[in-house]
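Inspection log for the structure reproduced underneath, given as C-alpha cells.
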Amino acid sequence: MSARVLASRVAQIVAIASVMSTAYVANAEEAASTSTTSSTAAAPAGESATKLSDVTPQNQDVKKEGEVDTDEVITNRKLRAETGAKKKYSFSSAITYSGGTVNNPLADVRPNITAGAGTQINPRLSASVGMKYRLSPLQTLSASVGLGVDKPFHGDSKKSFRERSSASNPGVSYSTMYKAAGIQNVTSISTSAYTTDYLRTNGYLAGFGVSQTAIYDFGGSKTSVGVSVQASASIFDKDQPGLDQGDFGVGAFPFFEYVINDKLNFRTLVGFMADHSRYTGDFWTWTANKVYQSAGLGISVTRDIYLYPNVQFIPEDVRADRTNVGITANINL
C-alpha cells in the first residue's frame, strides 16, 4: 500500500474519533452554559453574580496564597492529564486499546513492528487504574493495578473471555513536576510486579523504571517540541534459554505537537528503543529495535480527560500490514 493511501486511512480513523469527541464536548459546554445562566440570573441587585464556588470545580482544592499552581507549571494538555487531577486525592486511569493494523484495526494479531523484546502480539484492551495522592502541588504518589483482556473483540477456541481477562501488574510510582528555562518537566520513578500471562510465561517477575519528559512551547505558541527518555530493568524467576527475556531497556522519544484549537492538537513522535537480552554475556551488547513513528490527534475533552487515537508505523517501510493502531484515554476524577 502506498504512503498516500496509508495516510488517507489514518486520517479516516482520526476523523471519526475527533467527531465523536467534539460532539461530546459540545453537549457538555451547552449544559455548562445553561447552568451558569440560571445561577447568575437570580443574583440580588448590588451583589456580584459570580462567586468562588461558581468557578471552582466541586471537590477541587482551592489554591492557597503563595502556593504554586500545577497548571502554571505544566501547560501541555497531554502531560496534565497524565500527571493527574489537582485534588489532594484523586482517581486516575489510563485506558488503552492496542489493536491490529490500519487495514484491520480489530484483527486478532498485532504485528510486532519494532521487533522489541517482551512485546505481546495479541491485541489487548487494558487499563491502569488507581489512586493518586498529591504530596504537594508538584509531587504525586500513585498506586495502581492493571486490568485487561487479550483479544477483547475476538473468539478464542483455547481460552474463554474470563480466562483471557486479568488484574495485572500492580505498582507504585512517584512523580515530580517543575519548569526550568521555560521548559516543562516531569520526572517519574516506578516499580511493578508482573502478572500478565505473556510476561509470566517468559519468566518476568517484576520491573523498575525511570522516565523524564521535557517540553518547550516557545513562549506559549501553538507549536511545541519535546522528548521523553525512559530506562527500565526487569527481574525473572525462570532461567531457560529461548525465553523472550529482556532484562534492560532504554528509549528516547522526541515529539512534535501543534495546537489546532482549544480541544484538538496534532502530535507525532519518533521512537528509538534498544533492549539488552538476559542471555547476552556482555552488558554493552544491545539490540536496537526498529525505529518507529506514531501520529495521532490529541483530544482534550476536559482538563482531566484526554483521548489520543494514533497509528504507529515504520518510516522506512510504510506498509499497511506493518502498522499498529491504538487509542489511549487518560481519565482523572
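The values are calculated or read from the model by the stated rules, or taken from the named source; none is laboratory data. Since the model is a prediction, treat every value here as computed from it, not as a measurement. Note that we place each Cβ from the backbone using ideal geometry, even for glycine, and neighbour counts take in every protein chain shown.
Just wondering, is there one or more residues in the range 273-295 that are among the small types (Gly, Ala, Ser), over 30 Å from Asn76 (Cα atoms) and in contact (Cβ under 8 Å) with a residue 60 or more places away in the chain?
Yes, the range 273-295 contains a residue that is among the small types (Gly, Ala, Ser), over 30 Å from Asn76 (Cα atoms) and in contact (Cβ under 8 Å) with a residue 60 or more places away in the chain.
For the range 296-319, how many residues are surrounded by fewer than 17 Cβ atoms within 10 Å (Cβ to Cβ) and not β-branched (Val, Ile, Thr)?
Going through the range 296-319 one residue at a time, the tally reaches 4.
Say whether the condition of being under 16 Å from the mean Cα position of the chain (by Cα), acidic (Asp, Glu) and surrounded by 18 or more Cβ atoms within 10 Å (Cβ to Cβ) is met by at least one residue in the range 239-258.
yes
When the range 97-113 is examined, which residues are found to be surrounded by fewer than 19 Cβ atoms within 10 Å (Cβ to Cβ) and not small (Gly, Ala, Ser)?
Asn103, Asn104, Leu106, Asp108, Val109, Pro111, Asn112
Against the condition within 17 Å of Asn112 (Cα to Cα), among the hydroxyl-bearing types (Ser, Thr, Tyr) and either part of a strand (DSSP E or B) or over 18 Å from the mean Cα position of the chain (by Cα) (or both), how does Ser294 come out, does it pass?
The answer is yes for Ser294.
Please state which of the following conditions Thr114 fails to meet, knowing it meets all the rest: (1) within 25 Å of Asp244 (Cβ to Cβ); (2) at pLDDT below 80.
(2)
Looking only at the range 219-277, count how many residues are of a type in the set (D, E, K, R) and in a strand (DSSP E or B).
Here the count works out to 4.
Being touching a Gly at 6+ places or on another chain (Cβ under 7 Å), of a type outside the set (D, E, K, R) and closer than 27 Å to Phe313 by Cα is true for just one of Phe248, Phe266, Phe272, Phe236. Which residue is that?
So the residue among Phe248, Phe266, Phe272, Phe236 that is touching a Gly at 6+ places or on another chain (Cβ under 7 Å), of a type outside the set (D, E, K, R) and closer than 27 Å to Phe313 by Cα is Phe272.
Residues checked against (1) assigned to a helix (DSSP H, G or I); (2) modelled with pLDDT of 95 or more; (3) of a type outside the set (Lys, Arg):
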site	(1), (2), (3)
Asn59	no, no, yes
Lys63	no, no, no
Gly66	no, no, yes
Leu79	yes, yes, yes
Ala85	no, yes, yes
Ala94	no, yes, yes
Pro105	no, no, yes
